Amino acid sequence: MLQSFRVNQVIRLFVAALCLAMPASAQSQAPSSQTTADLRAELERLQQAVKALEEKVAALEQQPAAAAAPTTPPVAVLPTPPAVAAPPTAPAAPGAEPPTVQQPPAGGVAVPPGAAGAGGPEGSLPVYGSTSALSKIFNPDMAVIGNFVGAAGRNDVAPLPALRLQEAEASFQAIVDPYARADFFLSASPEGLEIEEGFITFPTVPGGLLVKVGKMKAQFGKVNTQHSHVLPWVDVPLPMANLLGGEEGLNDSGLSVSKLILNPVLFLEATGEIYQGNDHLFTSHKRGNLAYVGRLRGYRDITEGTNLDVGTSIAYGHNDVGPGFTTTIYGLDATVRYRPLRRAIYRRFIGRTELFWSRRQPEQANAFGAYVSGEYQFAQRWFAGARYDFSDRAADPLLQDKSGSLLLTYWPSEFSQVRGQLRRTRYAEGVDANELLFQFLFSIGAHGAHVF
Amino acid sequence: MKRLIIGAIAFTAILLADAAQARAALRVVATTQDLEAIVKEVAGDKVETESLAKGYQDPHFVEAKPSFILRLNKADLLVVVGRELEIGWLPPLITQSRNQKIQPGAQGYLDASLTAKILDLPTGQITRAMGDVHPQGNPHYWLDADNGRRIAKAIQAKLSELDGGNAAVYAQREADFERRIADAEQRWKTTMAPYKGLKVVTYHRSWPNFADEFGLDVMGYVEPKPGIPPSPSHSLELIQEMKKDNVKIIIVEPYFDPKTPNSIAAQTGAQVVTLAPSVGGEKEVTDYFKLFDYDIGKLVAAIKATEAR
């Protein structure tokens, strides 16, 4: 009897100890059937509690927010969402208080104040493909742009593959904090993954300065500052390849400062930039071999639909010959735009030209290159264009390449483009290349608007 | 020496130009002429106002011209339509404005949609297969007298916050605007009352609030999907629907090509009515009241002419 009492007591103590230890060991050990039943009961109790709370929340949501919302002072940004609710799969610790945070409606974020109270639909604003949007609300705007290029015809000097996804550009853009925004562009191509750009912009630095720090396209001319998907051609004009180091051009890590020079006549912006001096054009042989870029840009509206944009640029850095040798590039650019406001989605004309002078040591080789291009939109989805370009080669100015192109572009929507380019190139070697280039550009996600 | 003098003169000129721009009155930039018109109602001559997009221009496709940067650079307050209407052009302008007062979230940035009644808020998942949909609801919300009031209230509150000295003036002018809009609304509703439930077709989804306020039933669109140009197959379907429902009115914004609406009208006996979606959309639409006067006048004339009702 005594023995059986002792045994009973030991068993009870053991079970009690096991129960106490259970919460900690539940995840690592296989529990006995008895404790599993306990846990099940506990889980059911919690599930019921959560259900009751959800019903309460739903009932509260049903009540018109009208009384509160109109008195809410208008705020300038979308409201900060409440703290992120625990994911539904999170294990509930026994005895813990049920979460008091309101579970967001699946696939939505809170409606900005006023919208619901003002009679608009209540509850949530949908978010692309989202199941739990609140955790994503601070995610940057993300987009991927595919650039598929094909070529037909003959080119023995600089052949392009017949068919190739030339680039997949992923962009991530968001406001960092009240003082800055950040933009990242990662470019995946058959050559590998590279950071095309990644920089922070401080738009409100005292003194009216706009400061950018990171890896970015240098503010040299026009084509150099633009991503391939906003260019009006499949390729880049010859001076880019011959004088600015290739399609990527001047694109380096550094610091950029620009200032508006306010005056009553025109928009005038001065930009000064310092780079580490290592990109497709410049080579930094030691830390002090920096590259410098300067630009002055003027803009003026001629009529409400016509405007003129001119600029002059300079870039200086060390070249690949050796630490004692430099390259200086001078640029001039002019763009004329016509877009009648009443027919802005049907008609536009853009005429552009850029001139480049390159001075490369050691032999002080003076090379010159330029292009002239025009595009005309003749229907809501159709653009026709033409371009003439020529350029000396930077290292040997006696060699000059020339090319002429005709282009036709079709936009199924703002988010995709199909383009064909007939190009005839006469290379300095005396070789002619007649080619048909074609391109499919397609964009998904939220890609930020481009600078004019 | 000569060069030095010329340089000094140029420098002084730039400084003077800067100083001339530093005047006392609050400078308000609105993205559209509608918002500018409401700012004028509330503030009168107490502030300097200007707008970026013109009323006869498609507000989705405005060019982010550097001349706009200059206007934003000097602004004390930027009033935007919001709901992503300006997403294609405004963000880079704000970044380049070098003006910390008007950055999103700053005191001088007012999104007028936050207190407005917003329609067409999508439910369920949306994709771009639906065309150029606005995930935050239809941004063409200003064509609604009630929203006019709400926008005016928001502007009054913001102006009073930025310029406390004139708060009483703003309050008084806003109250006066509310009174006048209430009277006008009564008049507009009376004029439109006989046409309640009238079925119409519009080119783009620019008119949900207008249709809602005056009881019009928008039964179809010339665009197959928002932002997607008209297609022959969609037009054929629309023509059949219009014939079935005896729809005689096609409302078109001034910035769309009337070719397709005209051909649909020719086949259905309907009339194409170009209405002003915004203040400034037509020459005579110079303020917020005239916007409704013009649109209602023109619409009623067309309804009578086609004997749609």
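Every number in this text was worked out from the coordinates using simple rules, so none of it is lab data. These numbers were taken from a predicted model, which means no experiment stands behind them. Glycine also receives a Cβ, built like all others from the backbone with ideal geometry; neighbour counts cover every protein chain displayed.
Structure values in brief
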quantity: R0 of 41 Å, Cβ-Cβ distance A:Leu186-B:Lys290: FRET efficiency to nearest 0.05; calculated: 0.20
quantity: Fewest-first sequence of A:Phe185, B:Phe210, B:Phe61, A:Phe378 by Cβ atoms within 10 Å of each Cβ; calculated: A:Phe378, B:Phe61, A:Phe185, B:Phe210
quantity: Qualifying lysines (Cα of each under 21 Å from Cα of A:Lys402; at least 8 residues distant if same chain); calculated: A:Lys222
quantity: Per-residue mean of C-beta atoms belonging to partner chains within 10 Å, peptide B:106-113; calculated: 3
quantity: Exposure proxy ranking, count of Cβ atoms within 10 Å, fewest first, for A:Leu399, A:Leu193, B:Leu162; calculated: A:Leu193, A:Leu399, B:Leu162
quantity: Order of A:Ser253, B:Ser233, A:Ser171 - criterion: other Cβ atoms within 10 Å of each residue's Cβ, fewest first; calculated: B:Ser233, A:Ser253, A:Ser171
quantity: Pairwise centroid distance, computed over Cα atoms, of region B:31-103 with region A:211-283, Å; calculated: 28 Å
quantity: Spin-label model distance (nm) - A:Asp432 vs A:Arg154, 7 Å beyond Cα toward Cβ; calculated: 1.1 nm
quantity: Chain B: most fluctuating residue of B:Asp293, B:Asp45, B:Asp144 per GNM, C-alpha cutoff 10 Å; calculated: B:Asp45
quantity: Residue mean of other protein chain beta carbons inside 10 Å, B:132-145; calculated: 2
quantity: Projected label distance in nm at A:Val418 and A:Val310, using a 7 Å step from Cα toward the beta-carbon; calculated: 4.1 nm
quantity: Region A:396-452: relative contact order as a whole-number percent, Cα under 8 Å and 6+ apart; calculated: 30 percent
quantity: For region B:105-120 and region B:258-303, distance of Cα centres in Å; calculated: 27 Å
quantity: FRET efficiency estimate (nearest 0.05) - Cβ-Cβ, B:Lys244 to B:Ser67, R0 60 angstrom; calculated: 0.75
quantity: Modelled FRET efficiency - R0 41 Å, A:Ala379 with B:Gln172, Cβ distances, 0.05 increments; calculated: 0.20
quantity: MRE, 222 nm, helices only [DSSP H, n ≥ 4, -39500 (n - 2.57), over chain B, to nearest 500]; calculated: -14500 deg cm²/dmol
quantity: Label-to-label distance, nm, for residues given as A:Arg359 and A:Val144 (7 Å Cα→Cβ offset); calculated: 4.7 nm
quantity: Test item: A:259-270 mean partner chain Cβ contacts at 10 Å; calculated: 4
